[in-house]
1. Evaluate the distance, in nm, between pseudo-label points positioned 7 Å from the Cα of Asn222 and of Lys81 along their respective Cα→Cβ axes.
2. Using the alpha-carbon centroid of each, what span in Å lies between segment 149-164 and segment 50-112?
3. Report the extension gain between Gln92 and Ser305 in nm, rounded to one decimal, defined as 0.36 nm multiplied by the number of residues separating them, less their alpha carbon distance.
4. Grab the Cα-Cα distance for Lys47 and Gln314, subtract it from 0.36 nm times how many residues apart they are, and report the gain in nm with one decimal.
5. Sticking to Cα atoms, compute the Rg of the chain to one decimal and its Dmax as the biggest Cα-Cα distance, whole number, in Å.
6. I need the peptides 61-71, 244-254 ranked by packing, meaning the mean over residues of other C-beta atoms within 10 angstrom, with the highest value on top.
7. Please provide three numbers in whole Å: the alpha-carbon extents of segment 74-162 along the principal axes, with the largest listed first.
8. Suppose only helical runs count, i.e. DSSP H with n ≥ 4. What mean residue ellipticity at 222 nm does that imply for the chain under -39500 (n - 2.57) per run, divided by all residues and rounded to the nearest 500 deg cm²/dmol?
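Just so it is clear, none of the values below were taken in a lab; they were calculated from the coordinates. In this text, all values refer to a predicted model and were calculated from it rather than measured experimentally. Glycine also receives a Cβ, built like all others from the backbone with ideal geometry; neighbour counts cover every protein chain displayed.
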Amino acid sequence: MTKSSGLLAIVFILLFILLGGGGYWFLLNQNKLQNTNNKIVNNPTGKLSLLEEANQIVSNLDISLPNPNVLAIDGSVTMVKLIKILENAYEQKYPSIPVTYGVPEGMPNGSNQGIKNLLTNQVQIAAISRPLQPEEALENIKLIPIAKDALVIVVGINNPYKGGLTLDQLKDIYQGKITNWLEVGGDNLPIKVINRSSKSGSYNFFQDFVLLGESFAPNSANFITYKRDVTTPILRELKTNGISYTTIAQAKNQTTVRIVPINGISPVNRATINNYNYPLTRHIFLAVPNKTSLAVKKFLEFAVSNQGQNFVQQVDFVPLK
């Protein structure tokens, strides 16, 4: 071996070590980021409980704006039941200010559009089922966690596949690398992937925490991305070979779907969500500008009150603690 070729070999080995170490560092920190975002989101010291944190954020809001004639909310389809029950109870307590959910009323547009409508002052509150995107975090938005939740993977009740999946297998399915149930121990059937709309906060959460920020596979005969943020049509389309994801509150009492365990853990046990053992545990939030009104503050206070947290449990989310 010549001196120059020996030197090149050494350089190559060093580069390999550096790149390999860098890849390991990235994956390690990606996992840390996932754990951080799944737990306390505005409490770097970790000294507050999630409920205490939520109350502290609400108490520190600037309420110098006048009350609106109508308290308008838009956002997550995942949170429809919860927002409607909070809305009805709030209107009974404060009958002078009606509350609407969706633009127009009754038609929530998903987490992403909800945030956009908040930033353009079309609504006073956005209900979202994901953390803020980096560009949104620069807009002086306050994010108040109101419940714990879990994103669940579902197949049709008549799907012959009865096993679980790992996060890595799930990532490969949604990136088009695994395309047949046979590849994960099932029958020789093509996997029909039914993806949620890009307007959905669940779509963003799934992309961030399952795909690690990478892209979904492109649409094809067996990969369908819905344009509207809906749940029931997706669940109906699963049939014998489909797979999709939704919130546990939307899947738990369905008779036409089955929840697939991830990394050997099923979220049907409330403790697995409460303790963050299930890998797709998340929070749902109400987002408001830092400068808002007393009426908005009272709605937020109600959501994190004992009564509000009882409603959280009634609609199959997990209360804050």
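1. Once both label points are built, they end up 3.3 nm from each other.
2. So the two Cα centres are separated by 32 Å.
3. Computed gain between Gln92 and Ser305 is 75.1 nm.
4. Going from the current span to full extension adds 93.3 nm.
5. Calculated on Cα positions, Rg and Dmax stand at 22.0, 87 Å.
6. Highest to lowest by the protection proxy: 244-254, 61-71.
7. 53, 35, 24
8. Details: 12 runs with 123 residues, N = 321.
Result for the chain: -11500 deg cm²/dmol, rounded to the nearest 500.
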